[in-house]
Structures are given as structure tokens and as C-alpha cells.
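A short write-up of the structure that comes next.
The values are calculated or read from the model by the stated rules, or taken from the named source; none is laboratory data. Note that this is a predicted model, so its numbers are computed, not measured. Glycine gets a Cβ as well: all are built from the backbone with ideal geometry, and neighbour counts include every protein chain shown. Side chains are part of the model used for accessible areas, which takes the heavy atoms of the whole protein and leaves out ligands, DNA and RNA. Shrake-Rupley method; radii C 1.70, N 1.55, O 1.52, S 1.80 Å.
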Amino acid sequence: MAGSGGLGGGAGGGQGAGAGPGAALRAPRAPLLLAALVLGAYCLCALPGRCPPAARVPAPAPAPAEPSRAVRNPGAPVLPVASGSGRRRFPQALIVGVKKGGTRALLEFLRLHPDVRALGSEPHFFDRWYERGLAWYRSLMPRTLDGQITMEKTPSYFVTREAPHRIHGMSPDTKLIVVVRNPVTRAISDYAQTLSKTPGLPSFHALAFRHGLGPVDTDWSAVRIGLYAQHLDNWLRYFPLSHFLFVSGERLVSDPAGEVGRVQDFLGLKRVVTDKHFYFNATKGFPCLKKAQGSSHPRCLGKSKGRPHPRVPEAVVQRLQEFYRPFNRKFYQMTGQDFGWD
């Protein structure tokens with residue numbers, strides 16, 4: 001009985017005075033056994049192929065690099081952006097028109113001026129990419145120093161109904177340059193460009209007239225662009241006439257220094273680009289630069305400029321001249337300039 005009471009006392013958890021050293025050694029046996037089992041299991045799992053792979057916490061992904069402009073704006077044109085000192089600003093002047101009027105030539109001539117910084121490509125912001133926002137548009141511009149003028153040219157602006165309102169929203173002080181050309185010659189040049197890219201196009205007169213030599217088809221863009229008075233009406237809702245300079249595409253060929261001089265005056269620039277910068281290339285029938293920007297060699301515009309025109313019957317030309325005559329005269333009255341197309 002006394003032995004039984006001793007067992008009961010040990011099980012009761014109180015180490016009485018009668019508990020000897022043996023009881024103290026037996027007490028931690030269970031924890032030691034548990035530790036041995038855990039250690040054995042660990043060693044067993046350490047052998048290759050004996051345990052399933054432990055779930056791994058994925059390492060944090062590296063921070064993505066700042067996306068390029070093209071990635072931030074999917075579908076937008078990727079345009080070269082000039083680097084250097086200064087800061088990017090909204091254009092103070094735009095060449096807004098017209099297609100096949102001589103806008104590329106004028107831009108290249110103006111880029112000879114040290115106080116003109118111009119975007120070489122056409123950004124088409126105010127007609128195609130306006131939803132990208134003005135901050136995106138400004139990021140495309142070359143950097144300029146104080147006193148320099150930022151420019152860009154997109155000739156389709158002149159015939160885009162929303163463009164005047166949008167440009168006015170950017171700055172109501174924007175100076176606007178429009179290069180115009182005899183609308184009949186301009187339409188034929190437009191057709192020649194399209195034909196070079198789309199062989200097998202219907203003839204010029206088949207596109208210019210409905211039903212043979214019926215009414216002129218003003219739905220055809222090559223014809224519609226030449227209705228300068230109608231397009232200018234839309235622009236004058238937002239800008240006064242004093243904000244415009246109308247450059248003659250014909251005089252830009254016959255007297256490039258004179259027309260570029262007018263543009264420099266309009267922009268408030270010193271007349272740096274003069275007749276010493278030009279020579280006439282008889283092969284192309286177009287003035288070329290004696291010294292192109294960033295080069296010591298003379299340069300003409302690309303092969304797409306001054307390309308030969310397809311032969312158009314004289315009767316077709318006469319019909320179009322008669323069609324455009326009232327629109328031309330209205331345009332002369334609106335601008336105060338007689339361009340001599342009639």
C-alpha cells in the first residue's frame with residue numbers, strides 16, 4: 001500500500017519529500033522522446049526524393065523599368081524626341097497645311113535657322129492622337145532654350161474640323177502657317193503620290209468627277225482639300241486672321257528665300273535663312289539647300305518630292321479650274337492675297 005501511495009503521489013504532479021533522484025531522471029523522458037522523433041523525421045526528409053518539395057514563398061518580382069512612351073501609349077506613333085539642354089515646350093507655331101503644298105520643304109528650310117527647333121516627323125496630335133493628352137504631345141517636342149521657337153508641321157490639321165478648337169485650347173496665341181498651292185495642281189500631285197503607293201488606281205478624271213465628266217466629286221479628298229475658303233472659315237471661328245501666314249507654294253519654288261523671309265518676319269526672327277542657302281536643281285525642278293542642317297553637303301528633299309505628275313487631259317484640268325474659281329476668289333478676299341491661280 002505504501003508503494004501504491006508513492007505512485008499516486010508521483011502521478012499527482014507534486015514532488016514530495018519522499019521522491020528520490022530516480023524520479024527526477026524519469027520526468028523529462030517524454031520531451032526527449034518527442035525531440036528525437038522530430039529530428040529523425042527531419043533527417044529522413046533531407047534525403048533526395050523522400051519528401052515532397054516544400055511550398056516556396058515567391059520572391060518579390062523586381063520593379064519594372066519605366067515603360068517607354070510607345071508602351072504607355074499603345075498604338076501611338078513612335079517619334080524621335082530630340083535630347084539636349086533646355087526644356088520641352090508646346091509649339092508656338094504650327095504649319096497646319098496643306099498636303100502637297102510644300103510644307104516639308106518649308107519646314108526643312110526653316111530648320112536652318114538657329115532659333116527654330118522643329119519636330120521632324122508629323123505627330124498628327126490634333127487630328128489622330130488627341131486623346132493621348134497634351135502632356136504626351138509636349139513630351140514629343142525637341143528641347144529649346146529661351147528665345148528659340150518650337151514648331152511642328154502636320155498638313156492634315158487644316159482640313160480637320162476639330163483641329164482649330166483643340167489648338168486654341170492648347171494656346172490661343174499659336175501662330176499658324178498655311179502653305180497653299182493651285183488646287184488643281186495640288187490635286188494632281190496628291191493623286192500622283194497615291195498612285196505611287198497604289199498601282200492600278202482608277203484614272204484621275206474617273207475619281208475627280210461623278211459619272212464620267214459629270215459633277216465634281218467633292219467627297220474625294222484630293223478635291224476637297226483644295227476648297228481652302230471653306231476650311232479657313234472653320235479656323236476663323238477660333239483664331240483672328242492676324243494669327244495666320246499664308247505661304248505661296250508656287251513662290252516657295254520660284255523664290256524660296258523671299259517666302260522663307262516672310263515666314264521669319266512672321267515668327268519674329270532675324271532673317272538668317274537667305275538666298276545664299278539655296279540653289280535650283282533643274283533635274284527635280286525644285287530648290288535645294290546648299291548646306292543642309294547638321295551637314296556640310298548640299299541636300300535636296302527626298303525622291304517623293306517633285307515626282308513627275310501623270311498626264312491629265314486638258315479638258316479635265318479646265319473643268320477643275322472652273323470649279324475652283326469661285327472658291328479661290330473667296331479665299332483671295334479672306335486672306336487679302338491674290339495667289340494668281342485664275
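Side notes on the structure shown:
Per-residue answers, yes or no, for (1) crowded, with 16+ Cβ neighbours inside 10 Å; (2) in a loop (DSSP other than H, G, I, E, B):
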{"site": "His165", "(1), (2)": "no, no"}
{"site": "Val178", "(1), (2)": "yes, no"}
{"site": "Thr194", "(1), (2)": "no, no"}
{"site": "Gly212", "(1), (2)": "no, yes"}
{"site": "Ala222", "(1), (2)": "yes, no"}
{"site": "Gly226", "(1), (2)": "yes, yes"}
{"site": "Leu245", "(1), (2)": "yes, no"}
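- Among residues that are surrounded by fewer than 22 Cβ atoms within 10 Å (Cβ to Cβ), without any contact (Cβ under 8 Å) to a residue 60 or more places away in the chain, out of contact with any Ser or Thr (no Cβ under 7 Å at 6 or more places or on another chain) and within 22 Å of Phe126 (Cα to Cα), Ser171 is not included.
- Qualifying residue in region 314-334 (condition: modelled with pLDDT of 95 or more, open to solvent by 40 Å² or more (accessible area, probe 1.4 Å), in contact with a strand residue (DSSP E or B) (Cβ under 8 Å, 6 or more places away or on another chain) and hydrophobic (A, V, I, L, M, F, W, C)): yes
- On inspection, Lys197 fails the criterion of being among the basic types (Lys, Arg) and either farther than 24 Å from Glu108 by Cβ or modelled with pLDDT of 95 or more (or both).
- Cross-chain or 6+ apart pairs with Cβ under 6 Å, region 326-342 first and small (Gly, Ala, Ser), then open to solvent by 50 Å² or more (accessible area, probe 1.4 Å): none
- Taking the criterion of being farther than 30 Å from Arg262 by Cβ and hydrophobic (A, V, I, L, M, F, W, C), the residues of region 190-248 that qualify are Leu195, Leu201, Phe204, Ala206, Leu207, Ala208, Phe209, Leu213, Val216, Trp220.
- Of all residues in region 69-104, those satisfying the criterion of being in a helix (DSSP H, G or I), modelled with pLDDT under 95 and of a type outside the set (Lys, Arg) are Ala70, Val71.
- Within region 218-245, the set of residues being free of Cβ contacts under 8 Å to residues at least 40 places away in the same chain and aromatic (Phe, Trp, Tyr) comprises just one member, Trp220.
- If you go through region 263-274 and keep only what is touching a helix residue (DSSP H, G or I) at 6+ places or on another chain (Cβ under 9 Å) and surrounded by fewer than 16 Cβ atoms within 10 Å (Cβ to Cβ), you end up with Lys270, Arg271, Val272, Thr274.
- Enumeration of residues in region 114-159 that are part of a helix (DSSP H, G or I) and either touching a residue at least 40 places away in the same chain (Cβ under 8 Å) or touching a Gly at 6+ places or on another chain (Cβ under 7 Å) (or both): Arg132, Leu134, Trp136, Tyr137, Arg138, Ser139, Leu140, Pro155, Ser156, Tyr157, Phe158, Val159
- Of all residues in region 250-282 being acidic (Asp, Glu) and part of a helix (DSSP H, G or I), the one that is farthest from Pro114 (Cα to Cα): Glu250
- Whichever residue in region 131-163 is crowded, with 16+ Cβ neighbours inside 10 Å and of a type in the set (A, V, I, L, M, F, W, C) and, among such residues, is farthest from Phe266 (Cα to Cα): Trp136
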